[in-house]
Amino acid sequence: MVIAEIGDDVILGTDNYDCEYNQGTQAKLSFSVPNISPIYTGGESSWFWYTRKIKYWKGLYEPTNGNTYWFSKGVFVITGISVDFNTVNISCTDKFGMLTSDYGSTMLDKSLKIETESTVEGFITSMLALPKGNGQPIDCKKPLIDYSLRNISTGEELELAAGTYAADILLQFANTLKCRIYYDKDGILRVTEGHLDYAYENKAIAWMFYDEAVANVISANISYDFPKAKNVVTVWGEDSEGLQYTSTAENRNAKSALSIDKVGYRTGTTKENIFGFNQKNVDEFAKMYLQMQTVIGTSVTVQCPMLPHLDVEQCVGVSFESLGLNDKKFLVSGISYSGNTMNISLVNLDNLPWHLELQ
């Protein structure tokens, strides 16, 4: 149920939005409104309170016909409110935040047993249906799960300890299946088959950036965050009889600037997989983990006027001769807005670890 709409005429300064290619929580939002009414200041009857959700839209005005085209950027839960005499400041995270310590309401208060006959669809649906203690489930909206994943068995019986957050369990589960898990722009939990490089290679280009197209580019730069960039990761798990399984994934892609053969070993933190009760599960987790570590380590950043149709996991073309990039295809790994200026983080598909293997 929509209780109110808030436009640019009410928001003070600029609204700030950040979205990153990630498992789980992807987007955060913050904005300020004037402290001129009790409906703004926080409280059970306020528009801004712990239990409220906010749907955020970004528009693009077309002066030739006078129309504004709106693009949904997600559904958010409120994680913080600060109020002074003049201003109410609101901090939000996308709905996956409900499942994490950011929101603080979905820690298991007692152990939870996953039966051997559980399926992916049954397990995830039951997690969202866990009661919050106020007569409501964590999320009443049914998740959208790729058909090919729905009836996969969860495997061995597991008991999840009290004090575990729902997000920790779901992220481990998705990584084990080499799946993407996140909330879409309509506030629905999505579980989709994880893309490796070959899938991105087949994606259409959503926008093209050129050096000479000065109207569409304010600035551009390349950054290498060497401490974060990893090219080898190890994952381990254990079955109910105590037998351990280990898998190491390595970036040996000859096209990648981060391949082991070019820069040596850059080892990520070893991770335990609570669903790693067989070799296949730890192998798949390790591949997904390595890809995520590669994405956060290198990027091209483009600052441009508002292009609200672009989103993370889309592909764009880049031709910046001044940066040594000629007609390269990039994955959008991050988007941020501050008012009507947009920053886009891009990852060269050549740098991903499986590119050569799957061509």
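Here's the list of lysines a cross-link from LYS203 could span, going by alpha-carbon distance under 20 Å and ignoring same-chain residues fewer than 8 apart: LYS178, LYS185, LYS255, LYS328, LYS329. Counting protein heavy atoms only, the chain has 50 percent of its accessible area on carbon and sulfur, 1.4 angstrom probe.
Calculate for the chain the 222 nm mean residue ellipticity that helices alone would give, adding -39,500 (n - 2.57) per DSSP H run of length 4 or more and normalising by residue count, nearest 500 deg cm²/dmol. Computed ellipticity for the chain at 222 nm equals -4000 deg cm²/dmol.
Peptides 315-325, 337-347 ranked from most to least packed give 337-347, 315-325, packing being the mean of other C-beta atoms within 10 angstrom over each peptide's residues. Among the helices of the chain, those built from whole DSSP H runs whose Cα atoms reach 24 Å or more along their own axis and whose mean Kyte-Doolittle hydropathy is at least -1.0 are 279-295. Evaluated at q = 0.13, 0.20, 0.22 Å⁻¹, the base-10 log of the normalised Debye intensity for the stretch 1-84, with identical point scatterers placed on the Cα atoms, takes the values -0.50, -1.07, -1.23. The stretch 56-96 and the stretch 304-343 have Cα centres lying 21 Å from one another. Just checking the listed ones, LEU144, LEU99, LEU243: in the Gaussian network model of the chain with Cα springs under 10 Å, the one fluctuating most is LEU243.
For the stretch 1-78, applying the loop criterion from DSSP together with a ceiling of 11 other beta carbons within 10 Å to the GluC sites (Glu not before Pro) yields GLU5, GLU44. Can you check how the C-alpha radius of gyration of the chain compares to 2.2 N^0.38 Å, as a plain ratio? In units of the 2.2 N^0.38 Å rule of thumb, it is 1.06. For the options ASN202, ASN175, ASN89, a Gaussian network treatment of the chain with springs between C-alpha atoms closer than 10 Å singles out ASN202 as fluctuating the most.
The values are calculated or read from the model by the stated rules, or taken from the named source; none is laboratory data. What you are looking at is a predicted structure, and each value in this text was computed from that prediction instead of being measured. All Cβ positions, even for glycine, are placed from backbone atoms using ideal geometry, and neighbour counts span all protein chains on display. Remember, those area values only see protein heavy atoms, side chains included, never the ligands or the DNA or RNA. Shrake-Rupley method; radii C 1.70, N 1.55, O 1.52, S 1.80 Å.
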